[in-house]
1. Taking the Cβ of A228 as the centre, find all other residues whose Cβ is under 10 Å away and add up their charges (Lys, Arg: +1; Asp, Glu: -1).
2. Can you give me the accessible area per residue for the stretch 106-236, using a 1.4 Å probe, in Å²?
3. For the chain, what does the helix formula give at 222 nm: sum of -39500 (n - 2.57) over DSSP H segments with n ≥ 4, over the residue count, nearest 500 deg cm²/dmol?
4. Apply the Debye scattering formula to the stretch 84-223, with a single equal point scatterer on each alpha-carbon and no solvent, then give log10 I(q)/I(0) at q = 0.10, 0.13 Å⁻¹.
5. Just reorder M188, M220 by solvent-accessible area, largest first, 1.4 Å probe, all chains present.
6. Express the Stokes-Einstein translational diffusion coefficient of the chain in µm² s⁻¹, to the nearest whole number, given a Kirkwood radius over alpha-carbon pairs, 25 °C and a viscosity of 0.890 mPa s.
7. Using a Förster distance of 30 angstrom, determine the FRET efficiency expected from the C-beta separation of E177 and A135, and round it to 0.05.
8. Ignoring ligands, DNA and RNA, what percent of the 1.4 Å accessible area of the chain is carbon and sulfur?
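The values are calculated or read from the model by the stated rules, or taken from the named source; none is laboratory data. On a predicted model such as this, the values are computed, not experimentally measured, just so you know. Cβ: placed from backbone, ideal geometry, glycine included. Neighbour counts: every protein chain shown. Just the protein is used for accessible areas: all its heavy atoms, side chains included, with ligands, DNA and RNA removed. Shrake-Rupley method; radii C 1.70, N 1.55, O 1.52, S 1.80 Å.
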Amino acid sequence: MLFCSRRLVGDATCACYNPRVMLAAASGYSNNLLASILVLGTSSRMEDASLKRPQVVIVGAGFGGLEAAKKLACKDVHVTVIDRTNYHLFQPLLYQVATAALSPADIAAPVRAVLSKCGNIEVILAEVESVDVAARKVNLGDMEVAYDYLILATGARHSYFGHDEWEKLAPGLKSLEDAIELRRRLLMAFEYAEKITDEAARKAAMTFVIIGGGPTGVEMAGAIAEIARYTLANDFRHIDPSQARVILVEGEPRLIAAFPEDLSASALKQLVDLGVEVRTGVQATNLSEAGVEVGGEFIPCRVKIWAAGNNASFVGKTLGVPIDKVGRVIVNEDLTIPGRPEIQVIGDLANFSHQTGKPLPGVSPVAMQQGRHAARNILAMIEGGKPQRFWYWDKGSMATIGRNRAVADLNFVHFSGLPAWLAWLFVHIIFLVGFRNRLVVLFQWAWAYFTFNKGARLITRNFQSEARPPA
């Protein structure tokens, strides 16, 4: 049996050591002492080799960061991936966790497990506080990580347009924590309505307002309408969940404004068919616990969901380079920042306007392509080359609305309804990380399709912030 200490350098094969040969070589000497020297010497040489490699730091294990790490796996570089969570999250399906169609583990995969096959990658669970560009170090608060090359992919959070106090009233949907909290609020609204007798309070509890008519808002509105009209239809005795009121508010004249007009019109029709009230060209203002004002009308509601805007991660501001009004770093055409070719910024943190004159959308295909390109740039620079211009290949956009309802823009063709829904299912299954997740999600979707039953209807509570009864 061979024990292999795998230190991958370029295309070199692993150095393998046979314990019997080592013991035989140690005969005539102090076996234990010589064996220890051999092992320590080998370990020291491997550590020295690792330190001599170019040090690449990737901040963020989302779509862009993970693709960059995969591209650099098993290359002659040492890669450090830093993320504030220990999992890669498939954000396009977060709304399905929020509406009880899927469990959190179905759309997440441990970063260490995904990147475990190559020994040149290590993972650090930490939150980045700043980047010291001059010293080439990433500050994690309690430690610093030096780099030769840096890829920043820290993403974005919600933007409340100067009303940060609204976040507690209307959570957004960017993390698993957000999704679980929204699921709790949605299900608790029906539970609250079931036990009260005041009709006005009951109607407010069963009114759901989604602010923002982009893909996330459209998907959330359709999913809430479906869970109310089908999944929960027979679960209660004192209320009729199908009478729930779902209102989608969009400030622009049409929904999913980034899509062609025919698909926007189709999305509107499909939502209306589901019973969603759609209000376009109006703003949501004066959010409070009691409700929200929409176009001058106050709507009493218990649950409000924010899907109206994003702000880039604060990390970009620590680079000392120009940023746009939402905090995105204005990058060069090769994804580097001005004066610092060793630093590349990708995904939702980057403002890349060199292709169309407008920033590329904050969607996963953009981040994935930029992640792979950033890794190729690093490998080229290590060989003495220059970083190359990035060019985004737009394969189209999709948004799902509900059962057999979706819209798809594949550039050369537009379609909606069942064909678009099937295409959406196929694409999202393919891009999920991990075979287990693909299998589980496919089964869950099939089960929900034939039974109208969503099995992740769990109401979770934060007991640490609540007073517990005595044991």
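1. On the way: positive: R229, R245; negative: E226, D240.
Summing Lys and Arg as +1 and Asp and Glu as -1 gives 0.
2. On the way: 5530 Å² over 131 residues.
Roughly 42 Å² per residue, with all protein chains present.
3. Values: 12 runs with 150 residues, N = 471.
Helix contribution divided over all residues of the chain: -10000 deg cm²/dmol.
4. Each listed q maps to, in turn, -0.51, -0.77.
5. Listed by decreasing accessible area, they come as M188, M220.
6. Details: Rh = 24.7 Å.
D, rounded to a whole number, is 99 µm²/s.
7. Numbers: r = 33 Å, r/R0 = 1.10.
It comes out at approximately 0.35.
8. On the way: 13050 of 23360 Å².
Ligands and nucleic acids excluded, carbon and sulfur give 56 percent.
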